Amino acid sequence: MKSTAYLTGIILFLLSGASCTEKFLERNNADWYSLTDSLRLDSYHETAAISIELPDRINADFTVFMRPRWLTFPSLRGRVTDGRADLILSVDRNNLPSYNYLQIGTVVLEIEDYGYVVLTVSYTDYGSPTISCSPSEIVFNLDLSQSFSLFTPSRGILVWEIREIPEWLSFSKTSGVLPYGETDWINVTIIQDKITPGVAMNASVRITGNSAAGDYLLKVTVSASTVPLPGG
């Protein structure tokens, strides 16, 4: 028999899609309850307190039957009360593989005289990314469009966003998620009707995110000849 249990009270974001295997079910000759949600942890949220609600309001003991090495529990035993089981789980960084940013594991609870409940847990290690741009300054001299690359020179997953953009500039991309070793190429374009012809312009655009070094200021310089005076 297959039923569905529901995950409630999670302090972090949820995704759907947990599943179980028929082979495991047949081998154990037991009921299997597959959670409709999975738990997402990351390097900023490494501990979660969750509640699992079963379809039946039972009272029984449970044991953490299976778990990945990188997940720890204060106790591997607990109690289901009125169909609800409370769990606290934490990530053990000492048992995480090196330079593997995403881990996906399965937690299985064995509930006495009831069956098994499976929960899928994912963990994202953002590492210590930093923001770098090449070139480090955008200079417009006659051209109305320029491009630059954005990347993290240190290991990690960079979540970035461009802010404080002046009204006379347009960026082809203003946010993204960038793993170490990859590059985002971004086009910067001058909006001509927002700029005064024949006048040099300067600005600093702020790139924010989870950079270990803080925000990055990208300087933008526009020469007076880039947008000449009418008839000039």
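The values are calculated or read from the model by the stated rules, or taken from the named source; none is laboratory data. In this text the structure is predicted, and so the values were computed from the model without any measurement. Here Cβ is always computed from backbone atoms with ideal geometry, including for glycine, and neighbour counts include all displayed protein chains.
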Practice problem: Identify, by number, the condition in (1) assigned to a loop (DSSP other than H, G, I, E, B); (2) closer than 26 Å to T221 by Cα; (3) touching a Gly at 6+ places or on another chain (Cβ under 9 Å) that L150 doesn't meet. | Solution: (1)
Practice problem: Kindly provide the set of residues from segment 13-60 that are at pLDDT below 50, surrounded by 14 or more Cβ atoms within 10 Å (Cβ to Cβ) and among the hydrophobic types (A, V, I, L, M, F, W, C), ordered by number. | Solution: L14, A18, C20, F24, L25
Practice problem: Scan segment 168-227 residue by residue and report those that are over 30 Å from D125 (Cα atoms), crowded, with 19+ Cβ neighbours inside 10 Å and hydroxyl-bearing (S, T, Y). | Solution: T226
Quiz item: Any idea which of S136, S145, S122 is small (G, A, S) and over 30 Å from Q192 (Cα atoms)?
Solution: S122
Exercise. Go through L102, L144 for me and flag whichever is closer than 30 Å to Y216 by Cα, in contact (Cβ under 8 Å) with a residue 40 or more places away in the chain and among the aliphatic types (A, V, I, L, M).
Key: L144
Exercise. Please find, among E167, E112, E182, E161, the residue that is without any contact (Cβ under 8 Å) to a residue 60 or more places away in the chain and in contact with a helix residue (DSSP H, G or I) (Cβ under 7 Å, 6 or more places away or on another chain).
Key: E167
Practice problem: Count, please, the residues in segment 82-92 that happen to be in contact (Cβ under 8 Å) with a residue 40 or more places away in the chain and within 20 Å of the chain's Cα centre (by Cα). | Solution: 3
Quiz item: Taking segment 125-153 as the search range and keeping residues that are at pLDDT 95 or above, under 11 Å from A212 (Cα atoms) and out of contact with any Leu (no Cβ under 6 Å at 6 or more places or on another chain), which one is surrounded by the most Cβ atoms within 10 Å (Cβ to Cβ)?
Solution: I131
Self-check item: Residues located in segment 112-139, provided they are of a type in the set (F, W, Y), over 22 Å from N100 (Cα atoms) and part of a strand (DSSP E or B)
Solution: Y116
